[in-house]
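The values are calculated or read from the model by the stated rules, or taken from the named source; none is laboratory data. Since the structure is predicted, the reported quantities are computational estimates derived from the model, not experimental observations. Cβ: placed from backbone, ideal geometry, glycine included. Neighbour counts: every protein chain shown. Side chains are part of the model used for accessible areas, which takes the heavy atoms of the whole protein and leaves out ligands, DNA and RNA. Shrake-Rupley method; radii C 1.70, N 1.55, O 1.52, S 1.80 Å.
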Amino acid sequence: MDVTELTATDIAAGVRDGRFTATTVVERHLARIDEVNPQVNAVTVVFAEKAREAAAALDARIAAGRDPGPLAGVPITVKENIDLTWSATTSGLPFAATQVPPANATFVDRLLAAGAIPVGRGNMPDFGLRWDTDNDLFGRTINPWDPARVPGGSSGGDAVAVATGMAAAGLGNDYGGSLRLPAHAAGITALRPSAGRVAAPGRRVDPLPLSLQHMAVNGPLARSVADLDLIFGLMHGADDFDPLSVTVAHPPGYAGPRRVAVTVDPAGWGDVDAGVIAAIRSAAGALAAAGWEVEEVEPPAVDRCAILWRQLSSTENAPMLLTPGLLPGPLSEGTVRYFRDNVAEVNLLDTSAAYQGAWAERFVHAAAWRAFHARYPVVLGPVTTRPMPEIGYDLSGPAAATALWRAHRLLVTANLLGLPAVAVPTGASGRRPLGVQVIARLHGEHIALAAARDIEAAFPSITPIRPA
């Protein structure tokens, strides 16, 4: 088997025990990028020379009898909005194309110290504020399963790079499903950690809207749940730059109550595709076969949680995105059009009482979910209730923006409440990956990962994939 088909766990084990060198691993992945990236445009910057230097240094470390680290030689991509001093942190914005950070994000340093080797940057939409991956700086990322459909966003470049074997893992972030949705579209796994479990994407401290403080997180994408567990176990923990970051122990497994609440149609909005329903039921069957108690029961107030996420995120981001001259340069036409269409469908929280009331209501729903998770440690449901849309759908008017938000209601519920969630594939139907997500209580990453691992074990791997 070619090393580009191996998981991060297997690559690290092979480098550590001498079956292949880090240099071999990096060269094969760079060759894979040369072969595949022109078809999908997922990797924006290729770190060929720096990656080769890092691999040679790691091989020398092994030859000297020193520990190469638990991620020895694992090729990763780093999203365009995560600080890595090897290139500018652009967030997909042309006016940020020269903004090279002075230091790495803390969790990036932790993974580099563990032996991971960045081979490229992952593409994203402007500021990460679309469920698609396209911008005026780097262009569009292509869905390798179906080029007529979007690859999801905003961590779409990293998801496609991992799915096509250009990297073994990727680093992205999730404010409204931006890890789980592109992972689902690509047929791979992703972990959205709890709020605060992974420190900020950079060490610069800026005033941030409350929704970004409490709903946006950084996390890994990979081709196996074991890889998510391994990488998260190395990247989590507080630093001295992010005042909201926390250090909480990450247990090696889960031995608590094994009860699952299954929601096929969250909030009962009635727009669930038949393939999505089949994926949820097959995942529920896999958990039952693995010894979990499975019950179809609705988690609390998904409708209100989804509405609050949309109101808070739109209210806080509208001034930045829609006020002329506020940013150093223009946004892409697509991002502006999408956000205008989205805001047209939202009751913005334009009074102090409404804004305060929304945050106060969030507390009530968080308490209800805490009590629900005490009974059902895992919630199983859809990543999105409909197939990935065709390119341009999200720009086709306000009704389309609302339809997408409705489809992603369980995604954004986890964001509103700061809960950990794992997207895991359940096979494919033709050129369409199928999958589900599992959501656990705050700081219950090990619970979500345990359930995802049992789901994953019931289905054959569908990646890496050759682009369609």
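The numbered conditions (1) farther than 18 Å from Leu395 by Cβ; (2) of a type in the set (A, V, I, L, M, F, W, C); (3) open to solvent by 10 Å² or more (accessible area, probe 1.4 Å); (4) not in a loop (DSSP other than H, G, I, E, B) are all true for Phe127 except (1). Considering the range 427-462, and only residues there that are in contact with a Ser or Thr (Cβ under 9 Å, 6 or more places away or on another chain) and among the acidic types (Asp, Glu), the residue that is surrounded by the fewest Cβ atoms within 10 Å (Cβ to Cβ) turns out to be Glu456. Residues that are in contact with a strand residue (DSSP E or B) (Cβ under 6 Å, 6 or more places away or on another chain), at least 3 per element: which helices (runs of 4 or more DSSP H) completely within the range 174-265 meet that? Fully inside the range 174-265 and qualifying: 180-186, 225-235. Does Asp34 count as open to solvent by 10 Å² or more (accessible area, probe 1.4 Å), within 25 Å of the chain's Cα centre (by Cα) and more than 27 Å from Asp174 (Cβ to Cβ)? Yes.
Of all the criteria given as (1) of a type outside the set (A, V, I, L, M, F, W, C); (2) more than 29 Å from Met166 (Cβ to Cβ); (3) assigned to a strand (DSSP E or B), the one not satisfied by Arg441 is (3).
Answer with yes or no whether Trp359 is in a helix (DSSP H, G or I), within 26 Å of Trp131 (Cα to Cα), over 24 Å from the mean Cα position of the chain (by Cα) and touching a residue at least 24 places away in the same chain (Cβ under 8 Å).
Yes; evaluated as a whole, the condition is true for this residue.
Among the residues of the range 35-43, is there at least one that is among the charged types (D, E, K, R) and in contact with a helix residue (DSSP H, G or I) (Cβ under 9 Å, 6 or more places away or on another chain)? No: the range 35-43 contains no residue that is among the charged types (D, E, K, R) and in contact with a helix residue (DSSP H, G or I) (Cβ under 9 Å, 6 or more places away or on another chain). Of Asp341, Asp350, all but one fail to be out of contact with any Leu (no Cβ under 6 Å at 6 or more places or on another chain) and either among the hydroxyl-bearing types (Ser, Thr, Tyr) or part of a loop (DSSP other than H, G, I, E, B) (or both); the exception is Asp350.
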